[in-house]
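Structure, as structure tokens:
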Amino acid sequence: MGSVNNEEEMDQIEVKWTKEAILYVNGVRKVLPDGFAHLTLLEYLRDSGLIGTKLGCGEGGCGACTVMISHYDKRQKKCVHYAVNACLAPLYSVEGMHVITVEGVGNRKHGLHPIQETLARVHGSQCGFCTPGFIMSMYALLRSSQTLPTEEQIEESLSGNLCRCTGYRPIVDAFRVFSKTNDALYTNISSESLKEGEFVCPSTGKPCSCRQKTASDTDTCGESVTCGKSYKPVSYSEIHGSTYTEKELIFPPELLLRKLYPLCLNGFGGLKWYRPLQLQHVLDLKAKYPDAKLLVGNSEVGIEVRLKRMNYPVLISVMHVPELNALSVKDDGLEIGAAVRLTELMNTLRKVVMERAEHETSSCKAFIEQLKWFAGTQIKNVGSVGGNICTASPISDLNPLWMASSAKFQIIDCKGNIRMTPAEEFFLGYRKVDLARDEILLSVFLPWTRPFEYVKEFKQAHRREDDIAIVNAGMRVYLEEKGEEWVVSDASIVYGGVAPLSLSARKTKEFIIGKNWSQELLQGALKILQTDVIIKEGAPGGMVEFRKSLTLSFFFKFFLWVSYQMDVKTSIKTSVPSSHLSAVQTFHRPSVIGSQDYEIRKQGTSVGAPEVHLSSRLQVTGEAEYADDTPMAPIGLHAALVLSRKPHARILSIDDSGARSSPGFVGVYFSDDVPGENDIGPVVADEELFASEFVTCVGQVIGVVVSDTHENAKAAARKVHVEYEELPAILSIQEAIDAKSFHPNTEKCLRKGDVDICFQSGQCDKIIEGEVHVGGQEHFYLEPHSSLVWTMDGGNEVHMISSTQAPQKHQKYVSHVLGLPMSKVVCKTKRIGGGFGGKETRSAFLAAAASVPSYLLNRPVKITLDRDIDMMITGQRHSFLGKYKVGFTNSGKVLALDLEIYNGAGNSLDLSLAVLERAMFHSDNVYEIPNMRIFGRVCFTNFPSHTAFRGFGGPQGMLITEHWIQRVAVELGKSPEEIREINFQGEGSILHYSQQLQHCTLLPLWNELKLSCDFLKARQEADQFNVNNRWKKRGVAMVPTKFGISFTTKFMNQFLSHCKAILAGALVNVYTDGTVLVTHGGVEMGQGLHTKVAQVAASAFNIPLSSVFISETSTDKVPNSSPTAASASSDMYGAAVLDACEQIKARMEPVTSKHNFNSFAELASACFMQRIDLSAHGFYITPEIGFDWTTGKGNPFRYFTYGGAFAEVEIDTLTGDFHTRTANVILDLGYSLNPAIDIGQIEGAFVQGLGWVALEELKWGDADHKWVPPGCLLTCGPGNYKIPSLNDVPFKFHVSLLKGHPNVTAIHSSKAVGEPPFFLASAAFFAIKDAIIAARAEAGHNEWFPLDNPATPERIRMACLDEFTAPFASSDYRPKISI
């Protein structure tokens, strides 16, 4: 063993340090060299070729990087297994441990693990980028469980994993078979003993008979499917961590025997990493390096280093110091070492609650509940008690509870002196604590509570699960009986999120101590709280009125809760009315239950069958490759962008000297270095590749730096100094309208009838006017933008592999900026990890930026954006402003609509005009309106250019419509559903752009939806619940949709300005062994396009699906293809492939007619011997579409997809929290090409839509958010931007496809599915509004009110007017929104 005693910096520390570091990865021993202290575990794994572990966000917020860590715990004397975020774990923190990645769980060559197999079979993987993370979270749970996990434990283990594609339901169903609900798994019934035809349903966990039948070519079988295709449960011994089988990697024996040594290692930039093993070693190091950072899980320091660019030269890992990991139960309380992990704390607290007297554990129960929502499982597995305390975040969930619970902190200095300080006195200011430079936190003492002492936790966040708090609190009261009264003997009220530190409401505390527990105490305390907790206007974080109201709501809830506890135990005068009980009852979320109902219409061998995604087995094993997984040549370089920091400015000078002297620097390139043209743009060339004179948004690309590593490139790019002359910026749609800031030639108008005459004629009994604010949305595809560009033949050719929905656009951009013909540029895309429109046009400029240094240096260059940069610069869903005037009769019939709609395009046009046009086309939704005038403009704003997103403007247009429909209902005292039905379009209706509806299935679909959800009964039950509950309300709503299918952009049409056809190409090759290779112009991004296209080919040739293979999308195989977008890809590319197959079949026909062949392989060989060409290029043009804006007439859509959804929600009126209790969705998809994949698309779209209408809020630096720098995006990562998690899925999620309505206008009578279901999530939004209406009615407010989307807790709570909002906001208060 080496020693560093002789090193200068260690001459004062008498301890033998070593640099010898090892770890095991998937059973293979690895020696870690010195110098890697700056690396994360994820970087090491991926650099080692283990690419199954993905980089999704880099901040531990998405779970794509999840791996399992195993090590021998000497204190517990057993091996422990747990999931961690590899993106945050420092490499050396896992020294002496066993790391298992998805590759170590199972693979296709040696067999899939049961977890992988079940997820693949039940359609739980779509784009597949998040899939390895889910596999590893579940695997770690099973390896760590001594008994079978419950469904609740399974869902909790997945709390740190995000999925943007599936809607989570199939993932939960897949993993449910491993839980206790599976009778076969815990009653000693083996899978073999199940009767033939029986299998365990993942929804119910019991043997059931809903196995799908095999349909013949002519069979039609409809069934209500509550699970995916049948699969057998696995016995627990196969996945039990303590039992070794050939499927499991055992814990390496060497690590059991190996002694740990103190580590002293180094990293880039002089970084020093220490791992002491004794407390004295820690104290000695702290004396030597007073500013050193102590860490356990790196969950905070890692974020500070990566996102906040903080520099810590010395890091001390204390995770192996016994004194800091002590956790002991004592007579007077619980002593918790500062390095104790949060998961361990939670497990201990649960054990304590079970074992000790109930009155002693009130604070323990509060901590358990708060920890449940604290963070994802991976973070809790490594995050420490002391780390959370000493970070002193003002929104820490635990610090208010430590303070309220009278906890004491034990502090030790470098000389060994120990002192105790109350938690209430420990926090001094913003991230400042009562610790001297030579002191560390040793432990925390949590006292037991006394009889009639109550501690309660509170937290409200944007999202319940794995989210930082908006406001949280810890409250405690100790009551003593004096005569017939209960008097407050002691109390503590502490809030987080209301000040720079966790704040004790001292005046309120002093007021209630000594007073009787009564209504008088409550009212007096609420008044004092208003002055005790002050949040100034413009305070960081915003939402001032909401945060103030929460301080009152939390105390009111606490008062009710304590009164209820006392009421149960003893007689108390302040009993809680039954209608108030819902305010204090702890919410326990039931497990997700899903059902899927569809018919199977098989055509040929494969079309119509619910086949599994072709890449599913690759995805569940981590073997599926994405752009960033492509290995780089040794001479390869990494690119990082030089970005504007101003929303609008003139560039005065650029100083790149700092970058040039940066480590690993190779080159930096600006506009003058572009070999070809610097002007770019998908429709209009109104953008610059590199800004030359002006910047028009924060995040605009000014140049590109290339270095030897990704981190070095980013560091060099940050050192490029740009001097600006700031210019006025337009930072909202309204500012653009006021300044007449519009993109040129974007004014559009559609007319039907005469709205002016209708308004003036007196036909309308009522006329209403109003505004609708529609928020934007981040795509949040799990795979960030990535491209690898390289040259061939000395730069004569350029090739690239890109994560894009439009390879042809990459080809065009790169050829344009390099001055090369398109024939010399090739773009390939294997698959992408989600796109949703965000990789249709906004990915091309990134590939073009990387191509410049690659071309000039003749070296491969890879560019992969970090999540925060990706979100900041690549654009989002357009926000909209709608101004409506609607005339209608007293019966509810709408007669006239005058609508102005504006979208915020950002600093370039991109696809914004087409988005606006689709919004205008969809502004009738499904309603017959005789007189319409729709005026639209595209606003120029100083934000990054917004772009396509699932629905492409249609959802925004329809949401505006449903807003005024709901208002009409309020004005007339009718239900919105009644108004909708009165105004339904039908067969033959002429739309406001002159297209006639044909094959309209709206009415039968709507009636089936009403029947399936029993709407009248649901309405009555919600009303009855609302009568019985004052502080929780339920709402219901039904919403229809009609979505037009086709591109609405002319540039998609072969780049000919007057061409009206959408085109698709395909290449089909038949080989002599009977297998078929298909290449087409569409991109697989999780939507199952390749699977459906392969099914078309398989049925065309009457061969098994396994005989068809689709490798990649490549511009040198199929040229000039349209982007994969607009939900039309299955229609287009399926038809193109069918065309190619039919050509080959026609050539084969003479041979087929003369001979009988036993197999397709024999036929193919015979045709080859007859010199018949077995390759064909297929082509498809969408017929009969086109629109003339000069006349306002035409057929912009080939057909329409109809749908409807019912939703029931429950809201907490005191906090704004909500749950979707039920969602019923039904869509008309004709005869589905693959109903299982289509169901997955519907569920994923609905949950993504739920994010848009209720969770996901973009916050920009604008006039309403002055605490954010102008033009900057605050919500640029999973820390601040919250997409739906598993906890947000409807409790009951039912999806069905309309039966018996083939679509005569598309391939195999099918319909497009990707975008139409997205808007149906608005049913949840209007159900929320319905619940708010009930809450407002109790406060005497029955008037109409606006509710903007997303309906965040802030908007829900502030709309529920009551005595807790009245002190801070008027009845017409409208929370601020960035649009």
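The values are calculated or read from the model by the stated rules, or taken from the named source; none is laboratory data. It should be emphasised that the depicted structure is a prediction, and the values quoted were computed from it without experimental measurement. So basically every Cβ, Gly included, is an ideal-geometry build from the backbone, and we count neighbours across all protein chains shown. Just the protein is used for accessible areas: all its heavy atoms, side chains included, with ligands, DNA and RNA removed. Shrake-Rupley method; radii C 1.70, N 1.55, O 1.52, S 1.80 Å.
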log₁₀ I(q)/I(0) of region 581-734 at q = 0.09, 0.14, 0.20, 0.21 Å⁻¹, via Debye over equal Cα point scatterers, no solvent, to two decimals? -0.61, -0.84, -1.31, -1.38
So if we plug the beta-carbon distance of residue 721 and residue 635 into 1/(1 + (r/R0)^6) with R0 = 41 Å, what FRET efficiency do we get, rounded to 0.05? 0.90
Expected unfolding gain across residue 372-residue 587 under the 0.36 nm per residue rule, minus the alpha-carbon gap, is 76.2 nm
In terms of Cα to Cα distance under 18 Å, which lysines are near enough to residue 812, apart from those fewer than 8 places away along the same chain? 824, 828, 839, 1050, 1117
If the limit is 23 Å between Cα atoms, which of 1010/1299; 308/714; 54/862 go over it? none
Protection proxy ranking, peptides 539-550, 1210-1221, 1366-1377, average beta carbon neighbours within 10 Å, highest first: 1210-1221, 539-550, 1366-1377
If you line up the Cα atoms of region 1089-1164 on their principal axes, what length do they span on each, largest first, in Å? 44, 22, 21
Which of 740/1266; 432/456; 459/507; 536/885; 752/1092 exceed 32 Å between C-alpha atoms? The answer is 536/885; 752/1092
Cβ neighbours within 10 Å, averaged per peptide: list 1079-1090, 31-42, 1313-1324 in order, most packed at the top. 1313-1324, 1079-1090, 31-42
Once each part is reduced to its C-alpha centroid, what is the distance from region 1196-1245 to region 759-822 in angstrom? 26
Hydrodynamic radius (Kirkwood) for the chain, which is based on Cα pairs only, to one decimal in Å: 32.9
Positive dipole terminus of region 654-766, leading residue within 713, 694, 750 (C-beta point charges): 750
Full extension from residue 291 to residue 480: what is 0.36 nm times the residue separation minus their Cα-Cα distance, to one decimal in nm? 63.4 nm
Based only on the alpha carbon positions, what is the Kirkwood hydrodynamic radius of region 75-139, in angstrom? 13.6
Select from region 626-681 those trypsin sites (Lys or Arg not before Pro) which occupy a DSSP coil region and have at most 16 other Cβ atoms within 10 Å, ordered by residue number. 645
If one puts a single equal scatterer on every Cα of region 1277-1379 and applies the Debye formula without solvent, what log₁₀ I(q)/I(0) results at q = 0.16, 0.21 Å⁻¹? -0.89, -1.19
Rounded FRET efficiency, nearest 0.05, which uses the C-beta distance separating residue 430 from residue 1188 and R0 of 56 Å: 0.40
Simple spin-label model, 7 Å along Cα-to-Cβ: residue 756 to residue 1142 in nm? 5.1
Region 514-577: projected area of the alpha-carbon convex hull, averaged over directions, in nm²: 5.3
Can you give me the accessible area per residue for region 427-467, using a 1.4 Å probe, in Å²? 37
Region 610-670, Cα convex hull volume normalised per residue, Å³: 195
Residue by residue, what Karplus-based ³J(HN,Hα) values in Hz, rounded to whole numbers, does region 401-407 have, using 6.51, -1.76 and 1.60 with θ = phi - 60° and x for Gly and Pro? 6, 4, 5, 5, 7, 6, 5
When we measure straight from the Cα of residue 830, which aspartates and glutamates land under 16 angstrom away, once same-chain ones fewer than 8 places off are left out? 623, 625, 628, 629, 783, 840, 1084, 1112, 1116
Nearby aspartates and glutamates by direct alpha-carbon distance to residue 1145 (threshold 18 angstrom, same-chain neighbours under 8 apart not counted): 1073, 1162, 1173
How big is region 491-597 along each principal axis, measuring the range of its Cα positions in Å and listing the largest first? 57, 44, 20
Mean shadow area (nm²) of the C-alpha convex hull around region 766-826 is 7.7
Rank-order 280-288, 604-612 by packing density, defined as the average count of other C-beta atoms within 10 Å over each peptide's residues, highest first. 604-612, 280-288
Expected output is a single nm value to one decimal: the length gained when fully extending between residue 357 and residue 73, i.e. 0.36 nm times separation in residues minus the C-alpha distance. What is it? 99.3 nm
Could I get the Rg over Rh figure for region 302-350? Both from C-alpha atoms, Rh via Kirkwood, rounded to two places. 1.15
Could you work out what % of the accessible surface of the chain is carbon and sulfur, using a 1.4 angstrom probe and leaving DNA, RNA and ligands out of the count? 51
Loop only per DSSP, at most 14 neighbouring Cβ atoms within 10 Å: give me the GluC sites (Glu not before Pro) in region 1314-1373, ordered by residue number. 1343, 1363
Can you compute the modelled spin-label distance between residue 534 and residue 332, with each label point 7 Å from Cα toward Cβ, in nm? 3.8
Could you grab the relative contact order for region 611-710? Cα pairs under 8 Å, six or more apart, rounded to a whole percent. 40
Please report how far the C-alpha centroid of region 826-851 lies from that of region 273-318, rounded to the nearest whole angstrom. 39
Roughly how far apart, in whole Å, are the Cα centres of region 999-1016 and region 438-516? 51
Check: the chain dipole with +1 on Lys, Arg Cβ and -1 on Asp, Glu Cβ, in debye: 1080
Suppose only helical runs count, i.e. DSSP H with n ≥ 4. What mean residue ellipticity at 222 nm does that imply for the chain under -39500 (n - 2.57) per run, divided by all residues and rounded to the nearest 500 deg cm²/dmol? -8000 deg cm²/dmol
Quick test of the membrane-span-like rule: which DSSP H helices of the chain reach at least 24 Å along their long axis (C-alpha atoms) with mean Kyte hydropathy at least 0.5? 1235-1254, 1322-1338
Express the relative contact order of the chain as a whole percentage, based on alpha carbon pairs under 8 Å and six or more residues apart in sequence. 11
If N is the number of residues in region 355-465, what value comes out of its Cα radius of gyration divided by 2.2 N^0.38 Å? 1.12
